[in-house]
Amino acid sequence: MMQVNKVLNNFEIVGTQYSKKDETQEARKPFIKGIPILSVVILVLIILGCLFCELIMTHDPSRMFLDEINRAPGSGHIFGTDTLGRDIWSMIWFGGRKSLIIGTVATVISSFIAVVYGTLSGVAGETVDNIMMRFTEILLSIPSILLVVFMQAALGQRNFLGISVIIGITSWMSIAKIVRAEVRKIRSEEYVLISKMMGGSFMHVLFKHLAPNFMSSIMFMIVMSVRSAIVSESTLSFLGIGLPVEIITWGSMLSLSEKALLTSSWWIILIPGIFLVVTLLCITDIGNYIRGSYNSKEGNL
Amino acid sequence: MLRIGLLSNILEVKNLSVVFNTPEGRISAIRDLSLSIGQGEVFAVVGESGCGKSVLCKTIMGILPSNTEITSGNIAVNGKEIVGLSDGEMCRVRGVDISMVFQDPMTSLDPTYSIGAQIAEAVRVHDKKITADALKKKVIDLMDAVGIDRAVERYSSFPWMLSGGMRQRCVMAMALAQEPKLLIADEPTTALDVTVQAEILDLLKEIRNKTGMTILFITHDLGVVAKVADKVAIMYAGKIIEQGLCEEIFARPTHPYTWGLLHALPSFAENGRLYPIPGAPPVLKEGFEGDAFAERNPYALRIDYAQEPPFFDLSPTHKAATWLLDERAPKIQFSLTNTAPPKTAHDIKQTEKLMEIHDLTHYFRLGQNSYVKAVSHVSFDIYKGEVFALVGESGSGKSTLARCILGMYKPLGGKAFYDGIDITSKRRTRKDKARISKEIQFISQDSGAALDMKMTVRDIIAEPLEIHRVYKNRKAADERIKEIMKKVGLDEQLMQRRPSELSGGQRQRVNIARAYVMNPMLLVADEPLSSLDVSIQAQIVEVLSELKKDHETAMLFIAHDLSMVEFISDRVGVMYKGHLVELAPTKELFRNPVHSYTKALLSAAPKPDPEVEKTRVSTRYKKSLTEFMHEGWEEVAEGHFVLKEH
């Protein structure tokens, strides 16, 4: 069919194998690129500070220096003292630990409920799905503060684990709705059909396909719910229906603010406020990054 | 062939270069491209996806996305320079001088307006003073001109009421509203069925003959090119690499890439083998040196890797950019033997039935008392080790049938037995279920959607092994996965990659590997080729026929592309609107089609040979369902069955 008659050096047939440059594999995108470094560093510092608060506290956070009430920041007390004479620097770290734990525990509880409920609703038949979703809508239509107050009253005792459970079980609805929508979408995807056809059981499909795929879309919501749990606790404590003043959290520190306003001691409000806001901003920033990176990965196709 | 070359050039593109700005760097989409199209010509640009042919259209229309940049060159339409025009100025060129027909007629029409209103909009944009009566008359004239019958009634129809072919006619009516000098048709028939494609192509030619309009026709299908084009340019990696009259390109292809494209077609297969082009088209960074095709070119010269070949003239109209034409290069003769339908490689012992389908019927419910008969009363058998092809246009029920066989749908009537097990029955034992899910595997049309984007290639292929706990440890499974990856032509290094990092062809190979890793008895392949390029299609067909040789796997191959069916299958069933109308051994069917629908289908498929195409008349088939129901079967030859017609 084809004949090679003459061969000249530059015009020699070398075929597909020949390549002058050894093309190395495409360099992977650097992992660090685009990560909000500042937010991560600040958040990590705050978390470490809170976790190892014993090492940096200068005073016992619950000890009241009755002769040093409402001290402005200065040499004895770095951030001053509050209206009960407690050292704010120590309270920030000690209370921050509780606040972060409340945020995390509440998020774990709400995400767990959301994933289970959302998946069940997503794979259920039309009627069950309808009932389950209408139920979440009813819950969503009740102001969550009202729910929390109600549950607080029902539980009676106020401690910080109790409040995280309450926040957790009143904030799972919107994540559950997203999980349910994703599951509905994914379960009719071709790869799920093929997996079922190959004999994959419900559990196999759930853990191999559904969970990894909806995780990416609720990651942002989960990170954000850490934030909103901290906010809820602070709000409740500020309103006086959360934790009592003896239990130190950022929220309960802020609850002293009305008294502080009378004496114009700004540091009592501002310092825990700044810590709270900075932490929330960092979490939001990281959450946005997570959302963006998942979107761009999917946008690759 | 009417008024070619009589007048000046309508489109003149000189040294055009377009660059994409991407996060990975600047990518060349079009490199130093020049072409000129004379009045009344049909100029076809052919290439695989990613070769820059759509970018070329968009550049001419001035609708490039914002991350692109024209780095050099001129485009003159009807003597008017359009590079550098503002958007407002371009608006006066678009529609009047140039207009465009897009690939998918569904997405280019607005579902909330009637088609009459949409065509009227195209008229009114450039003629604001037109009266309502004149406007309506003009729209109806346009609809007549593009072959929409009952135009007055259809004036107020909405796009979703019309078939794909009718919609494409509407889009064409909109494009023709201002009688543009140049019509750009970007894959206008790719989304359509073969018989509809033939009608639209005939219409385009008819319009050209009547009005002398110039058409820039973009396609990947060489059969379509042979049917409509006067001149052809082959494009690869943003460059035209061969250009000439249609007859010249098919009679004397010169560039190795053109050889590759032609050789990848089933009509030019030799000894029952296809010759796919290895590899996939490259993505070129700006400033690339050498011939972009060299790495896929078995005849690449050393100089190809260093220096870009210039154009060598073969005749006043025919030129090609390859160093093989240089006088210092070795002379290579290339010939295409247009062989008769390839023989099917092995004989099937038609004794052992693997799958029996009896009177299978499945309706979809639309609303109360309204049904779509997706599959009605279909019966056939699949024998062990054979490739049974189901052919039909979209909506003929072939995918529904496949899904019934796979157990995704529960058919309303009829039975399907796999080796004696009733698939349609709910009361199957656990053992039978496990056996079926091991022995029947599936390859789907959309290679992307069938893969979980979150999993690695290894995990995807391992999934059936894990479900059925075939291997005790990971190492043994990995061995098997490597073996199957090698068989389907995937590099071992891809094991840890994710589907988003693979090309379309590689993804379909992963699908095939996942299906074959269990050594299935029956493989159901639902249009496994239709989302792929010609050269990639040939690669996949090669993989499938290699596997067919080594395994005893029977295959139900669903397709609308008749040429590939002819190549790969042993027996063919033709479906029309839910009915099986003809069933025959492949050779017999293509030699002697009996049912008039089969004849129409065969005559509509374009062949990559201009001599045949220029003279051929395709037959039409339009029949309602009821006309051939319950007429019974007739055996016209051994194993060749036809549904009786009036």
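So, in region B:399-424, exactly how many residues are in a strand (DSSP E or B) and touching a Cys at 6+ places or on another chain (Cβ under 8 Å)?
Qualifying residue count, region B:399-424: 1.
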Checked region A:161-178 for anything closer than 16 Å to A:VAL231 by Cα, in contact with an Asp or Glu (Cβ under 9 Å, 6 or more places away or on another chain) and not aliphatic (A, V, I, L, M); matches are A:SER164
In region A:54-74, what count of residues is obtained for those that are farther than 10 Å from A:SER90 by Cβ and either among the small types (Gly, Ala, Ser) or surrounded by 13 or more Cβ atoms within 10 Å (Cβ to Cβ) (or both)?
9
Residues in region B:402-417: is at least one modelled with pLDDT of 85 or more, within 12 Å of chain A (Cβ to nearest Cβ), touching an Asp or Glu at 6+ places or on another chain (Cβ under 7 Å) and surrounded by 19 or more Cβ atoms within 10 Å (Cβ to Cβ)?
yes
What is the number of the single condition among (1) surrounded by 16 or more Cβ atoms within 10 Å (Cβ to Cβ); (2) closer than 30 Å to B:ASN21 by Cβ; (3) under 30 Å from the mean Cα position of the chain (by Cα) that B:LYS285 does not meet?
(1)
Where in region A:204-301 are there helices (runs of 4 or more DSSP H), lying fully within it, with 2 or more residues that are in contact with a Gly (Cβ under 9 Å, 6 or more places away or on another chain) and among the β-branched types (Val, Ile, Thr)?
A:211-239, A:266-298
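Any residue at all in region A:180-199 that's within 30 Å of B:ARG428 (Cα to Cα), assigned to a loop (DSSP other than H, G, I, E, B) and among the charged types (D, E, K, R)? Full working, then the answer.
We begin by selecting, within region A:180-199, every residue within 30 Å of B:ARG428 (Cα to Cα); these are A:183-199.
Narrowing further to those that are assigned to a loop (DSSP other than H, G, I, E, B): A:188-189, A:198-199.
Still in the list and also among the charged types (D, E, K, R): A:189.
Looking through region A:180-199, at least one residue is within 30 Å of B:ARG428 (Cα to Cα), assigned to a loop (DSSP other than H, G, I, E, B) and among the charged types (D, E, K, R).
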Exactly one of B:VAL18, B:VAL45, B:VAL55, B:VAL83 is among the β-branched types (Val, Ile, Thr) and in a loop (DSSP other than H, G, I, E, B), and that residue is B:VAL83
When region B:425-444 is checked residue by residue, the ones that are closer than 22 Å to A:LEU210 by Cα, in contact with a strand residue (DSSP E or B) (Cβ under 6 Å, 6 or more places away or on another chain) and either within 8 Å of chain A (Cβ to nearest Cβ) or part of a helix (DSSP H, G or I) (or both) are B:GLN441, B:PHE442, B:SER444
The residue from A:THR279, A:THR235 that alone is among the hydroxyl-bearing types (Ser, Thr, Tyr), crowded, with 20+ Cβ neighbours inside 10 Å and in contact (Cβ under 8 Å) with a residue 60 or more places away in the chain is A:THR279
Output the qualifying pairs, or none if there are none: Cβ atoms under 6 angstrom, residues six or more apart or on different chains, first residue in region B:221-242 and at positive phi, second residue not in a loop (DSSP other than H, G, I, E, B) and not hydroxyl-bearing (Ser, Thr, Tyr).
B:GLY238/B:ALA29; B:GLY238/B:ILE30; B:GLY238/B:ARG31
If we only count helices (runs of 4 or more DSSP H) wholly inside region B:445-521, which ones have 3 or more residues that are more than 14 Å from every other protein chain (Cβ to nearest Cβ) and without any contact (Cβ under 8 Å) to a residue 60 or more places away in the chain?
B:474-487
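For region B:8-17, indicate whether the set of residues that are surrounded by fewer than 16 Cβ atoms within 10 Å (Cβ to Cβ) and more than 31 Å from the chain's Cα centre (by Cα) is non-empty. Step through it out loud before you land on a result.
First, pick out the residues of region B:8-17 that are surrounded by fewer than 16 Cβ atoms within 10 Å (Cβ to Cβ): B:8, B:14-15.
Filter again for more than 31 Å from the chain's Cα centre (by Cα), leaving B:8.
Yes: region B:8-17 contains one or more residues that are surrounded by fewer than 16 Cβ atoms within 10 Å (Cβ to Cβ) and more than 31 Å from the chain's Cα centre (by Cα).
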Of everything in region B:383-398 that's more than 14 Å from B:LEU523 (Cα to Cα) and surrounded by fewer than 24 Cβ atoms within 10 Å (Cβ to Cβ), which residue is modelled with the highest pLDDT?
B:GLU393
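Could you pull out the residue among A:VAL245, A:VAL183 that is touching a residue at least 40 places away in the same chain (Cβ under 8 Å), over 27 Å from A:GLY85 (Cβ atoms) and among the aliphatic types (A, V, I, L, M)? Outline the logic, then answer.
On the way: A:VAL245 fails: over 27 Å from A:GLY85 (Cβ atoms).
Selected residue: A:VAL183, the only one of A:VAL245, A:VAL183 that is touching a residue at least 40 places away in the same chain (Cβ under 8 Å), over 27 Å from A:GLY85 (Cβ atoms) and among the aliphatic types (A, V, I, L, M).
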Screening A:SER111, A:SER99 for residues that are in contact (Cβ under 8 Å) with a residue 60 or more places away in the chain, part of a helix (DSSP H, G or I) and over 21 Å from A:GLY251 (Cβ atoms) leaves only A:SER111
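Has region A:61-70 got at least one residue that is within 31 Å of the chain's Cα centre (by Cα), farther than 30 Å from A:ALA211 by Cα and in contact (Cβ under 8 Å) with a residue 24 or more places away in the chain?
First, the residues of region A:61-70 that are within 31 Å of the chain's Cα centre (by Cα): A:61-62.
From what is left, the residues that are farther than 30 Å from A:ALA211 by Cα are A:61-62.
Next, only the ones that are in contact (Cβ under 8 Å) with a residue 24 or more places away in the chain stay: A:61-62.
Within region A:61-70 (the criterion being within 31 Å of the chain's Cα centre (by Cα), farther than 30 Å from A:ALA211 by Cα and in contact (Cβ under 8 Å) with a residue 24 or more places away in the chain), the answer is yes, since at least one residue qualifies.
If you check B:SER396 against the conditions, is it out of contact with any His (no Cβ under 8 Å at 6 or more places or on another chain), polar (S, T, N, Q), more than 22 Å from B:ARG507 (Cβ to Cβ) and part of a loop (DSSP other than H, G, I, E, B)? Full working, then the answer.
Numbers: out of contact with any His (no Cβ under 8 Å at 6 or more places or on another chain): yes; polar (S, T, N, Q): yes; more than 22 Å from B:ARG507 (Cβ to Cβ): yes; part of a loop (DSSP other than H, G, I, E, B): yes.
Criteria met by B:SER396.
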So, B:ARG124, is that one crowded, with 20+ Cβ neighbours inside 10 Å and among the charged types (D, E, K, R) or not?
no
Just one listed residue, out of A:ILE13, A:ILE56, is within 14 Å of chain B (Cβ to nearest Cβ) and at pLDDT below 85, and it is A:ILE13
Can you name the condition, by its number, that B:LEU529 falls short on among (1) more than 14 Å from chain A (Cβ to nearest Cβ); (2) over 26 Å from B:GLY395 (Cα atoms); (3) not in a helix (DSSP H, G or I)?
(2)
Give the residue that is nearest to the other protein chains (Cβ to nearest Cβ), with candidates limited to residues of region B:272-308 that are closer than 26 Å to B:ALA538 by Cα and among the small types (Gly, Ala, Ser).
B:ALA300
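The values are calculated or read from the model by the stated rules, or taken from the named source; none is laboratory data. Being a predicted model, the structure only gives us computed values, none of them experimental. A quick note on method: Cβ atoms are made from the backbone with ideal geometry, for glycine too, and the neighbour counts reach across all protein chains shown.
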